[in-house]
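Asker: Let me give you the structure first, and then I'll get to my questions.
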Amino acid sequence: MATGADVRDILELGGPEGDAASGTISKKDIINPDKKKSKKSSETLTFKRPEGMHREVYALLYSDKKDAPPLLPSDTGQGYRTVKAKLGSKKVRPWKWMPFTNPARKDGAMFFHWRRAAEEGKDYPFARFNKTVQVPVYSEQEYQLYLHDDAWTKAETDHLFDLSRRFDLRFVVIHDRYDHQQFKKRSVEDLKERYYHICAKLANVRAVPGTDLKIPVFDAGHERRRKEQLERLYNRTPEQVAEEEYLLQELRKIEARKKEREKRSQDLQKLITAADTTAEQRRTERKAPKKKLPQKKEAEKPAVPETAGIKFPDFKSAGVTLRSQRMKLPSSVGQKKIKALEQMLLELGVELSPTPTEELVHMFNELRSDLVLLYELKQACANCEYELQMLRHRHEALARAGVLGGPATPASGPAPAPAEPAVPEPGLGPDPSKDAIIDVVGAPLTPNSRKRRESASSSSSVKKAKKP
(Lines give C-alpha, C1' and ligand atoms only; values in the text may rest on other atoms or scores of the structure.)
Protein backbone atom coordinates (compact mmCIF):
# COMPACT_ATOMS: atom_id res chain seq x y z
CA MET A 1 0.00 0.00 0.00
CA ALA A 2 1.38 3.44 -1.07
CA THR A 3 1.97 5.96 1.64
CA GLY A 4 1.78 9.76 1.47
CA ALA A 5 5.49 10.02 0.82
CA ASP A 6 5.15 7.82 -2.27
CA VAL A 7 2.31 9.97 -3.60
CA ARG A 8 4.33 13.13 -2.96
CA ASP A 9 7.30 11.62 -4.75
CA ILE A 10 5.15 10.70 -7.78
CA LEU A 11 3.57 14.21 -7.94
CA GLU A 12 6.95 15.84 -7.34
CA LEU A 13 5.67 17.72 -4.33
CA GLY A 14 7.85 18.99 -1.52
CA GLY A 15 5.91 20.06 1.53
CA PRO A 16 7.16 21.46 4.84
CA GLU A 17 9.27 19.43 7.12
CA GLY A 18 6.37 18.72 9.45
CA ASP A 19 4.22 17.39 6.62
CA ALA A 20 7.11 15.31 5.26
CA ALA A 21 7.68 13.76 8.65
CA SER A 22 4.01 13.02 9.19
CA GLY A 23 3.56 11.73 5.65
CA THR A 24 0.35 13.73 5.00
CA ILE A 25 -0.48 15.76 1.85
CA SER A 26 -2.23 19.10 2.26
CA LYS A 27 -4.59 20.77 -0.19
CA LYS A 28 -2.07 23.52 -1.01
CA ASP A 29 0.50 20.94 -2.13
CA ILE A 30 -1.85 19.61 -4.79
CA ILE A 31 -3.28 22.96 -6.03
CA ASN A 32 -0.06 25.03 -6.10
CA PRO A 33 2.84 22.63 -6.55
CA ASP A 34 5.13 25.09 -8.45
CA LYS A 35 5.08 28.00 -6.03
CA LYS A 36 6.99 26.24 -3.33
CA LYS A 37 9.57 25.04 -5.83
CA SER A 38 10.25 28.53 -7.16
CA LYS A 39 10.35 29.95 -3.68
CA LYS A 40 12.82 27.31 -2.60
CA SER A 41 14.99 27.83 -5.68
CA SER A 42 14.99 31.61 -5.21
CA GLU A 43 16.00 31.21 -1.63
CA THR A 44 18.92 29.04 -2.58
CA LEU A 45 20.18 31.43 -5.33
CA THR A 46 20.10 34.67 -3.34
CA PHE A 47 23.40 35.92 -1.95
CA LYS A 48 23.59 38.75 0.51
CA ARG A 49 26.40 41.27 0.21
CA PRO A 50 28.53 41.34 3.37
CA GLU A 51 28.17 44.41 5.50
CA GLY A 52 30.87 47.00 4.88
CA MET A 53 31.82 45.71 1.42
CA HIS A 54 31.32 48.08 -1.52
CA ARG A 55 28.99 47.10 -4.32
CA GLU A 56 31.72 47.24 -6.97
CA VAL A 57 34.02 44.93 -4.99
CA TYR A 58 31.20 42.47 -4.35
CA ALA A 59 30.31 42.43 -8.06
CA LEU A 60 33.84 41.27 -8.90
CA LEU A 61 33.48 38.13 -6.75
CA TYR A 62 30.73 36.50 -8.82
CA SER A 63 29.85 36.34 -12.49
CA ASP A 64 26.40 36.75 -13.99
CA LYS A 65 25.53 33.16 -13.10
CA LYS A 66 26.52 33.72 -9.46
CA ASP A 67 29.11 30.97 -9.62
CA ALA A 68 31.84 30.66 -7.03
CA PRO A 69 35.05 32.55 -7.83
CA PRO A 70 37.70 30.42 -9.60
CA LEU A 71 40.73 29.24 -7.71
CA LEU A 72 43.06 29.79 -10.69
CA PRO A 73 43.02 32.48 -13.40
CA SER A 74 40.98 31.36 -16.37
CA ASP A 75 40.49 32.76 -19.88
CA THR A 76 36.74 32.53 -20.44
CA GLY A 77 34.36 34.64 -22.48
CA GLN A 78 32.23 35.46 -19.46
CA GLY A 79 32.60 38.47 -17.22
CA TYR A 80 33.43 42.09 -17.99
CA ARG A 81 36.11 41.44 -20.63
CA THR A 82 34.53 40.26 -23.88
CA VAL A 83 36.05 39.81 -27.32
CA LYS A 84 35.05 42.85 -29.41
CA ALA A 85 36.59 41.94 -32.76
CA LYS A 86 35.56 38.64 -34.36
CA LEU A 87 38.33 37.80 -36.78
CA GLY A 88 37.45 35.39 -39.54
CA SER A 89 39.50 33.34 -41.96
CA LYS A 90 38.62 35.51 -44.98
CA LYS A 91 41.22 37.51 -46.90
CA VAL A 92 41.73 41.11 -45.79
CA ARG A 93 40.74 43.77 -48.31
CA PRO A 94 43.86 45.51 -49.63
CA TRP A 95 44.52 49.22 -49.11
CA LYS A 96 46.71 51.30 -51.39
CA TRP A 97 48.56 54.61 -51.14
CA MET A 98 47.21 56.45 -54.18
CA PRO A 99 47.07 60.05 -55.49
CA PHE A 100 43.88 62.12 -55.78
CA THR A 101 42.81 65.61 -56.88
CA ASN A 102 40.12 67.80 -55.39
CA PRO A 103 37.71 69.13 -58.05
CA ALA A 104 37.09 72.18 -55.88
CA ARG A 105 40.63 73.38 -56.55
CA LYS A 106 41.49 74.95 -59.89
CA ASP A 107 45.28 74.75 -59.51
CA GLY A 108 45.48 70.99 -60.18
CA ALA A 109 47.21 70.19 -56.88
CA MET A 110 47.98 66.51 -56.34
CA PHE A 111 47.57 64.86 -52.93
CA PHE A 112 47.99 61.30 -51.62
CA HIS A 113 46.03 59.21 -49.13
CA TRP A 114 45.17 55.61 -48.25
CA ARG A 115 42.18 54.13 -50.06
CA ARG A 116 40.91 50.66 -50.75
CA ALA A 117 42.26 49.14 -53.90
CA ALA A 118 38.71 48.61 -55.25
CA GLU A 119 38.07 52.42 -55.11
CA GLU A 120 40.98 53.33 -57.35
CA GLY A 121 40.04 55.81 -60.06
CA LYS A 122 36.85 57.05 -58.33
CA ASP A 123 36.17 60.73 -57.59
CA TYR A 124 37.14 62.33 -54.32
CA PRO A 125 34.20 61.54 -51.96
CA PHE A 126 34.22 64.97 -50.31
CA ALA A 127 33.93 66.81 -53.62
CA ARG A 128 30.13 66.73 -53.32
CA PHE A 129 30.33 69.26 -50.48
CA ASN A 130 31.78 71.89 -52.79
CA LYS A 131 28.74 74.13 -53.27
CA THR A 132 29.20 77.30 -55.32
CA VAL A 133 26.90 80.26 -55.89
CA GLN A 134 25.61 80.67 -59.41
CA VAL A 135 26.50 84.28 -60.29
CA PRO A 136 24.81 85.40 -63.53
CA VAL A 137 26.90 86.27 -66.57
CA TYR A 138 25.84 89.07 -68.92
CA SER A 139 26.97 89.96 -72.44
CA GLU A 140 28.08 93.29 -73.83
CA GLN A 141 24.78 93.76 -75.63
CA GLU A 142 22.72 93.01 -72.49
CA TYR A 143 24.77 95.46 -70.48
CA GLN A 144 24.27 98.27 -72.99
CA LEU A 145 20.52 97.62 -73.33
CA TYR A 146 19.41 96.86 -69.75
CA LEU A 147 22.22 97.22 -67.20
CA HIS A 148 23.74 100.60 -68.03
CA ASP A 149 23.95 103.00 -65.06
CA ASP A 150 25.50 106.47 -64.99
CA ALA A 151 26.88 105.93 -61.46
CA TRP A 152 28.62 102.68 -62.41
CA THR A 153 31.04 101.96 -65.23
CA LYS A 154 31.23 98.61 -67.00
CA ALA A 155 34.75 97.95 -65.69
CA GLU A 156 33.56 98.57 -62.11
CA THR A 157 30.56 96.27 -62.61
CA ASP A 158 32.79 93.54 -64.05
CA HIS A 159 35.12 93.89 -61.07
CA LEU A 160 32.17 93.54 -58.68
CA PHE A 161 30.89 90.36 -60.35
CA ASP A 162 34.38 88.89 -60.49
CA LEU A 163 34.78 89.35 -56.73
CA SER A 164 31.27 87.92 -56.20
CA ARG A 165 32.30 84.71 -57.97
CA ARG A 166 35.58 84.47 -56.10
CA PHE A 167 34.16 85.00 -52.60
CA ASP A 168 30.67 83.44 -53.00
CA LEU A 169 28.71 86.65 -52.35
CA ARG A 170 30.39 87.33 -49.02
CA PHE A 171 29.91 91.07 -49.37
CA VAL A 172 31.96 92.00 -46.32
CA VAL A 173 34.96 90.23 -47.86
CA ILE A 174 34.11 91.70 -51.27
CA HIS A 175 34.08 95.19 -49.76
CA ASP A 176 37.45 94.52 -48.12
CA ARG A 177 39.04 93.29 -51.39
CA TYR A 178 37.36 95.92 -53.56
CA ASP A 179 39.80 98.14 -55.49
CA HIS A 180 38.95 101.51 -53.94
CA GLN A 181 41.99 103.19 -55.49
CA GLN A 182 41.11 102.45 -59.09
CA PHE A 183 37.35 102.81 -58.67
CA LYS A 184 35.06 104.99 -56.63
CA LYS A 185 34.78 104.21 -52.93
CA ARG A 186 31.63 102.18 -52.30
CA SER A 187 29.89 100.90 -49.18
CA VAL A 188 28.63 97.36 -48.62
CA GLU A 189 25.05 98.52 -49.25
CA ASP A 190 26.06 100.10 -52.59
CA LEU A 191 27.70 96.85 -53.71
CA LYS A 192 24.66 94.78 -52.69
CA GLU A 193 22.22 97.18 -54.35
CA ARG A 194 24.12 97.10 -57.68
CA TYR A 195 24.48 93.32 -57.67
CA TYR A 196 20.85 92.51 -56.86
CA HIS A 197 19.57 95.18 -59.25
CA ILE A 198 21.47 93.50 -62.13
CA CYS A 199 20.21 90.04 -61.04
CA ALA A 200 16.59 91.28 -61.05
CA LYS A 201 16.99 92.89 -64.48
CA LEU A 202 18.51 89.77 -66.03
CA ALA A 203 15.81 87.56 -64.47
CA ASN A 204 13.07 89.73 -66.00
CA VAL A 205 14.72 89.81 -69.41
CA ARG A 206 15.51 86.09 -69.62
CA ALA A 207 12.25 84.86 -68.07
CA VAL A 208 9.91 82.70 -70.09
CA PRO A 209 6.40 84.17 -70.37
CA GLY A 210 3.91 82.53 -68.03
CA THR A 211 6.41 81.39 -65.38
CA ASP A 212 6.63 82.54 -61.78
CA LEU A 213 9.72 84.62 -61.16
CA LYS A 214 11.68 84.68 -57.91
CA ILE A 215 13.26 88.11 -58.21
CA PRO A 216 15.76 89.01 -55.44
CA VAL A 217 14.97 92.36 -53.82
CA PHE A 218 17.36 94.40 -51.69
CA ASP A 219 16.30 97.63 -49.93
CA ALA A 220 19.51 99.59 -49.49
CA GLY A 221 17.83 102.49 -47.67
CA HIS A 222 16.33 100.19 -45.06
CA GLU A 223 19.70 98.46 -44.55
CA ARG A 224 21.45 101.82 -44.06
CA ARG A 225 18.85 102.96 -41.51
CA ARG A 226 19.10 99.62 -39.68
CA LYS A 227 22.86 99.88 -39.34
CA GLU A 228 22.62 103.51 -38.31
CA GLN A 229 20.14 102.64 -35.57
CA LEU A 230 22.35 99.78 -34.37
CA GLU A 231 25.34 102.12 -34.26
CA ARG A 232 23.37 104.68 -32.25
CA LEU A 233 22.20 101.94 -29.90
CA TYR A 234 25.76 100.73 -29.41
CA ASN A 235 27.16 104.23 -28.82
CA ARG A 236 24.69 105.16 -26.06
CA THR A 237 26.11 106.68 -22.89
CA PRO A 238 25.31 105.20 -19.45
CA GLU A 239 23.10 108.23 -18.73
CA GLN A 240 21.02 107.53 -21.84
CA VAL A 241 20.67 103.86 -20.91
CA ALA A 242 19.49 104.80 -17.40
CA GLU A 243 17.02 107.31 -18.85
CA GLU A 244 15.62 104.71 -21.24
CA GLU A 245 15.16 102.20 -18.41
CA TYR A 246 13.41 104.89 -16.36
CA LEU A 247 11.07 105.68 -19.26
CA LEU A 248 10.26 102.00 -19.74
CA GLN A 249 9.42 101.65 -16.05
CA GLU A 250 7.15 104.68 -16.25
CA LEU A 251 5.47 103.23 -19.32
CA ARG A 252 4.75 99.99 -17.44
CA LYS A 253 3.31 102.00 -14.55
CA ILE A 254 1.08 103.97 -16.93
CA GLU A 255 -0.21 100.80 -18.56
CA ALA A 256 -0.90 99.20 -15.17
CA ARG A 257 -2.80 102.29 -13.99
CA LYS A 258 -4.73 102.40 -17.25
CA LYS A 259 -5.82 98.78 -16.81
CA GLU A 260 -6.80 99.48 -13.21
CA ARG A 261 -8.84 102.49 -14.27
CA GLU A 262 -10.60 100.51 -17.00
CA LYS A 263 -11.42 97.80 -14.49
CA ARG A 264 -12.86 100.36 -12.09
CA SER A 265 -14.93 101.92 -14.86
CA GLN A 266 -16.30 98.48 -15.78
CA ASP A 267 -17.22 97.81 -12.15
CA LEU A 268 -18.91 101.19 -11.94
CA GLN A 269 -20.84 100.50 -15.13
CA LYS A 270 -21.99 97.17 -13.69
CA LEU A 271 -23.22 98.91 -10.54
CA ILE A 272 -25.12 101.52 -12.57
CA THR A 273 -26.66 98.82 -14.76
CA ALA A 274 -27.65 96.83 -11.68
CA ALA A 275 -29.27 99.87 -10.09
CA ASP A 276 -31.23 100.65 -13.27
CA THR A 277 -32.32 97.02 -13.61
CA THR A 278 -33.46 96.84 -9.98
CA ALA A 279 -35.43 100.07 -10.28
CA GLU A 280 -37.08 98.87 -13.50
CA GLN A 281 -38.07 95.58 -11.86
CA ARG A 282 -39.58 97.40 -8.89
CA ARG A 283 -41.72 99.57 -11.20
CA THR A 284 -42.86 96.49 -13.11
CA GLU A 285 -43.80 94.68 -9.93
CA ARG A 286 -45.84 97.65 -8.68
CA LYS A 287 -47.76 98.00 -11.95
CA ALA A 288 -48.41 94.26 -12.31
CA PRO A 289 -51.56 92.82 -10.66
CA LYS A 290 -51.03 90.88 -7.46
CA LYS A 291 -51.48 87.37 -8.74
CA LYS A 292 -49.24 84.44 -9.27
CA LEU A 293 -47.52 84.48 -12.62
CA PRO A 294 -46.54 81.30 -14.48
CA GLN A 295 -43.05 79.98 -13.92
CA LYS A 296 -42.10 80.56 -17.58
CA LYS A 297 -42.66 84.32 -17.29
CA GLU A 298 -40.64 84.43 -14.10
CA ALA A 299 -37.77 82.67 -15.88
CA GLU A 300 -37.92 85.20 -18.72
CA LYS A 301 -37.26 88.14 -16.38
CA PRO A 302 -33.92 89.82 -16.91
CA ALA A 303 -31.43 88.45 -14.44
CA VAL A 304 -29.87 90.94 -12.05
CA PRO A 305 -26.09 90.98 -12.20
CA GLU A 306 -24.21 89.35 -9.34
CA THR A 307 -22.72 92.67 -8.26
CA ALA A 308 -26.20 94.16 -7.63
CA GLY A 309 -26.41 94.22 -3.86
CA ILE A 310 -26.52 90.88 -2.05
CA LYS A 311 -27.30 87.51 -3.56
CA PHE A 312 -29.09 85.52 -0.87
CA PRO A 313 -29.04 81.70 -1.09
CA ASP A 314 -32.19 79.83 -2.13
CA PHE A 315 -33.43 77.10 0.22
CA LYS A 316 -35.36 74.96 -2.27
CA SER A 317 -33.90 71.63 -1.25
CA ALA A 318 -36.01 68.94 0.38
CA GLY A 319 -36.30 69.04 4.14
CA VAL A 320 -37.41 71.36 6.89
CA THR A 321 -35.76 74.83 6.99
CA LEU A 322 -36.32 77.88 9.17
CA ARG A 323 -37.48 81.08 7.56
CA SER A 324 -34.95 83.03 9.61
CA GLN A 325 -32.12 81.29 7.75
CA ARG A 326 -33.03 83.25 4.62
CA MET A 327 -32.17 86.48 6.45
CA LYS A 328 -28.58 85.44 7.12
CA LEU A 329 -26.05 87.36 5.10
CA PRO A 330 -23.89 85.21 2.78
CA SER A 331 -20.19 84.81 3.42
CA SER A 332 -19.34 86.81 0.28
CA VAL A 333 -20.28 90.05 2.06
CA GLY A 334 -17.25 91.51 3.80
CA GLN A 335 -17.09 92.76 7.37
CA LYS A 336 -16.76 96.36 6.22
CA LYS A 337 -19.99 96.16 4.24
CA ILE A 338 -21.77 94.42 7.13
CA LYS A 339 -20.83 97.21 9.56
CA ALA A 340 -21.87 99.89 7.06
CA LEU A 341 -25.16 98.04 6.47
CA GLU A 342 -25.90 97.84 10.20
CA GLN A 343 -25.12 101.56 10.58
CA MET A 344 -27.54 102.48 7.76
CA LEU A 345 -30.27 100.26 9.22
CA LEU A 346 -29.86 101.94 12.61
CA GLU A 347 -30.07 105.37 10.95
CA LEU A 348 -33.31 104.32 9.22
CA GLY A 349 -34.73 102.94 12.50
CA VAL A 350 -35.05 99.37 11.21
CA GLU A 351 -34.45 96.40 13.46
CA LEU A 352 -31.41 94.30 12.70
CA SER A 353 -33.38 91.05 13.14
CA PRO A 354 -37.15 91.55 12.59
CA THR A 355 -39.82 88.90 12.95
CA PRO A 356 -39.22 86.45 10.08
CA THR A 357 -42.61 86.36 8.42
CA GLU A 358 -42.82 85.59 4.70
CA GLU A 359 -43.44 89.18 3.64
CA LEU A 360 -40.97 90.69 6.12
CA VAL A 361 -38.17 88.35 5.08
CA HIS A 362 -38.62 89.20 1.41
CA MET A 363 -38.81 92.97 1.99
CA PHE A 364 -35.96 92.97 4.53
CA ASN A 365 -33.65 91.15 2.14
CA GLU A 366 -34.54 93.53 -0.68
CA LEU A 367 -33.89 96.51 1.57
CA ARG A 368 -30.47 95.27 2.60
CA SER A 369 -29.59 94.46 -1.00
CA ASP A 370 -30.52 97.99 -2.07
CA LEU A 371 -28.55 99.47 0.82
CA VAL A 372 -25.43 97.53 -0.16
CA LEU A 373 -25.88 98.67 -3.77
CA LEU A 374 -26.24 102.25 -2.57
CA TYR A 375 -23.08 101.88 -0.47
CA GLU A 376 -21.11 100.60 -3.45
CA LEU A 377 -22.38 103.41 -5.68
CA LYS A 378 -21.43 106.01 -3.07
CA GLN A 379 -17.99 104.51 -2.74
CA ALA A 380 -17.48 104.49 -6.53
CA CYS A 381 -18.72 108.07 -6.76
CA ALA A 382 -16.30 109.18 -4.03
CA ASN A 383 -13.41 107.49 -5.83
CA CYS A 384 -14.31 109.23 -9.08
CA GLU A 385 -14.57 112.62 -7.37
CA TYR A 386 -11.23 112.10 -5.66
CA GLU A 387 -9.62 111.11 -8.94
CA LEU A 388 -11.10 114.10 -10.73
CA GLN A 389 -9.88 116.46 -8.01
CA MET A 390 -6.40 114.94 -8.09
CA LEU A 391 -6.19 115.33 -11.88
CA ARG A 392 -7.40 118.93 -11.56
CA HIS A 393 -4.64 119.70 -9.05
CA ARG A 394 -2.04 118.07 -11.28
CA HIS A 395 -3.26 120.05 -14.28
CA GLU A 396 -3.04 123.29 -12.33
CA ALA A 397 0.48 122.43 -11.14
CA LEU A 398 1.61 121.69 -14.69
CA ALA A 399 0.00 124.88 -15.97
CA ARG A 400 1.80 126.94 -13.30
CA ALA A 401 5.11 125.30 -14.21
CA GLY A 402 4.54 125.98 -17.94
CA VAL A 403 4.94 122.31 -18.89
CA LEU A 404 1.73 122.15 -20.95
CA GLY A 405 3.06 124.60 -23.54
CA GLY A 406 1.02 127.65 -22.52
CA PRO A 407 2.28 130.63 -20.57
CA ALA A 408 2.94 130.06 -16.89
CA THR A 409 0.24 131.33 -14.52
CA PRO A 410 1.53 134.53 -12.86
CA ALA A 411 1.61 134.42 -9.08
CA SER A 412 0.64 137.29 -6.81
CA GLY A 413 3.44 139.71 -5.96
CA PRO A 414 6.57 140.57 -7.92
CA ALA A 415 7.43 138.11 -10.63
CA PRO A 416 10.56 136.16 -9.78
CA ALA A 417 13.46 135.99 -12.17
CA PRO A 418 13.35 133.13 -14.66
CA ALA A 419 15.12 130.21 -13.06
CA GLU A 420 17.00 127.56 -14.92
CA PRO A 421 15.52 124.06 -14.84
CA ALA A 422 16.96 122.02 -12.03
CA VAL A 423 19.26 119.29 -13.31
CA PRO A 424 19.41 116.27 -11.04
CA GLU A 425 22.81 115.28 -9.80
CA PRO A 426 24.07 111.85 -10.92
CA GLY A 427 23.21 109.10 -8.50
CA LEU A 428 20.23 110.94 -6.94
CA GLY A 429 17.54 109.25 -9.07
CA PRO A 430 15.52 110.42 -12.06
CA ASP A 431 14.48 113.99 -12.73
CA PRO A 432 11.28 114.86 -10.79
CA SER A 433 10.08 116.94 -13.73
CA LYS A 434 9.80 113.71 -15.76
CA ASP A 435 7.28 112.42 -13.24
CA ALA A 436 5.09 115.42 -13.86
CA ILE A 437 5.29 115.01 -17.62
CA ILE A 438 5.02 111.24 -17.94
CA ASP A 439 2.56 110.38 -15.18
CA VAL A 440 -0.53 111.42 -17.14
CA VAL A 441 -2.74 108.49 -16.20
CA GLY A 442 -2.64 109.00 -12.46
CA ALA A 443 -1.37 107.22 -9.41
CA PRO A 444 -3.33 104.67 -7.37
CA LEU A 445 -6.20 106.28 -5.49
CA THR A 446 -4.97 106.45 -1.91
CA PRO A 447 -5.32 109.48 0.38
CA ASN A 448 -1.74 109.10 1.66
CA SER A 449 -0.25 109.30 -1.82
CA ARG A 450 -2.41 112.36 -2.52
CA LYS A 451 -1.14 114.14 0.59
CA ARG A 452 2.45 113.25 -0.22
CA ARG A 453 2.15 114.51 -3.81
CA GLU A 454 0.45 117.76 -2.74
CA SER A 455 3.10 118.44 -0.10
CA ALA A 456 5.86 117.66 -2.60
CA SER A 457 4.39 119.98 -5.24
CA SER A 458 3.91 122.79 -2.71
CA SER A 459 7.48 122.44 -1.40
CA SER A 460 8.89 122.45 -4.94
CA SER A 461 6.90 125.58 -5.84
CA VAL A 462 8.18 127.31 -2.68
CA LYS A 463 11.77 126.38 -3.58
CA LYS A 464 11.33 127.76 -7.10
CA ALA A 465 9.91 131.00 -5.76
CA LYS A 466 12.76 131.43 -3.28
CA LYS A 467 15.46 130.64 -5.87
CA PRO A 468 17.03 133.92 -7.18
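Asker: So what J values fall out for the stretch 328-335 if you push phi through Karplus, 6.51 cos²θ - 1.76 cosθ + 1.60 with θ = phi - 60°, rounded to Hz, Gly and Pro as x?
Answerer: Here the 3J(HN,Hα) series is 6, 6, x, 6, 6, 7, x, 5 Hz.
Asker: For the stretch 140-235, state the average projected area of the convex hull of the C-alpha atoms over all orientations, rounded to one decimal in nm². Mind dumping the intermediate values first?
Answerer: Values: hull surface 31.9 nm².
The number I arrive at for the stretch 140-235 is 8.0 nm².
Asker: How do VAL372, VAL57, VAL320 stack up against each other in accessible area, from largest to smallest, with a 1.4 angstrom probe?
Answerer: Ranking VAL372, VAL57, VAL320 by accessible area, largest first, yields VAL320, VAL57, VAL372.
Asker: By how many nm would the segment from ASP162 to THR101 lengthen if fully extended, with 0.36 nm per residue of separation less the alpha-carbon distance?
Answerer: Details: separation 61, 0.36 × 61 = 21.96 nm, distance 2.50 nm.
So the chain would gain 19.5 nm between ASP162 and THR101.
Asker: Probe 1.4 Å, all protein chains in place: accessible area of GLU396 in Å², nearest 10?
Answerer: 80
Asker: Once Rh is set to the Kirkwood radius over Cα pairs, what Stokes-Einstein translational diffusion coefficient, in µm²/s, holds for the stretch 323-401 at a temperature of 25 °C and a viscosity of 0.890 mPa s?
Answerer: Working: Rh = 15.1 Å.
My calculation gives 162 µm²/s for D.
Asker: Give me the distance in nm between label points sitting 7 Å out from Cα along the Cα-to-Cβ direction at VAL92 and MET344, one decimal.
Answerer: 10.3
Asker: Any chance you could tell me what percent of the C-alpha pair distances in the stretch 211-264 go past 15 Å?
Answerer: Numbers: 1018 of 1431 pairs.
Everything past 15 Å amounts to 71 percent.
Asker: Tell me, in nm to one decimal, what length is gained between GLN325 and ASN365 on full extension, where the rule is 0.36 nm per residue of separation less the Cα-Cα distance?
Answerer: Between GLN325 and ASN365, full extension yields an extra 13.3 nm.
Asker: Then there's this: Could you give the length gained by full extension between ALA117 and GLU243, i.e. 0.36 nm per residue of separation minus their alpha carbon distance, to one decimal place? It would help to have the intermediate numbers written out before the result.
Answerer: On the way: separation 126, 0.36 × 126 = 45.36 nm, distance 7.25 nm.
Taking 0.36 nm per residue and subtracting the Cα distance, the gain is 38.1 nm.
Asker: Then there is this: Hey, if you put +1 on the Cβ of every Lys and Arg and -1 on every Asp and Glu Cβ in the stretch 140-235, which of TYR234, TYR196, TRP152 ends up farthest toward the positive end of that dipole?
Answerer: TYR234
Asker: Right, another one. How many Å³ per residue does the convex hull of the Cα positions in the stretch 237-285 occupy?
Answerer: Details: hull volume 1.3 nm³, N = 49.
Cα convex hull per residue, to the nearest whole number: 27 Å³.
Asker: Let me ask another. What nm value, rounded to one decimal, do you get for the distance between LEU374 and MET110 when each label is placed 7 Å out toward the C-beta?
Answerer: Calculated label separation equals 11.2 nm.
The values are calculated or read from the model by the stated rules, or taken from the named source; none is laboratory data. The structure presented is a predicted model; accordingly, all values stated were derived computationally and were not measured. Every residue, glycine as well, gets a Cβ built from its backbone with ideal geometry; the counts of neighbours run over all protein chains shown. Protein only, heavy atoms only, side chains kept; ligands, DNA and RNA dropped before computing areas. Shrake-Rupley method; radii C 1.70, N 1.55, O 1.52, S 1.80 Å.
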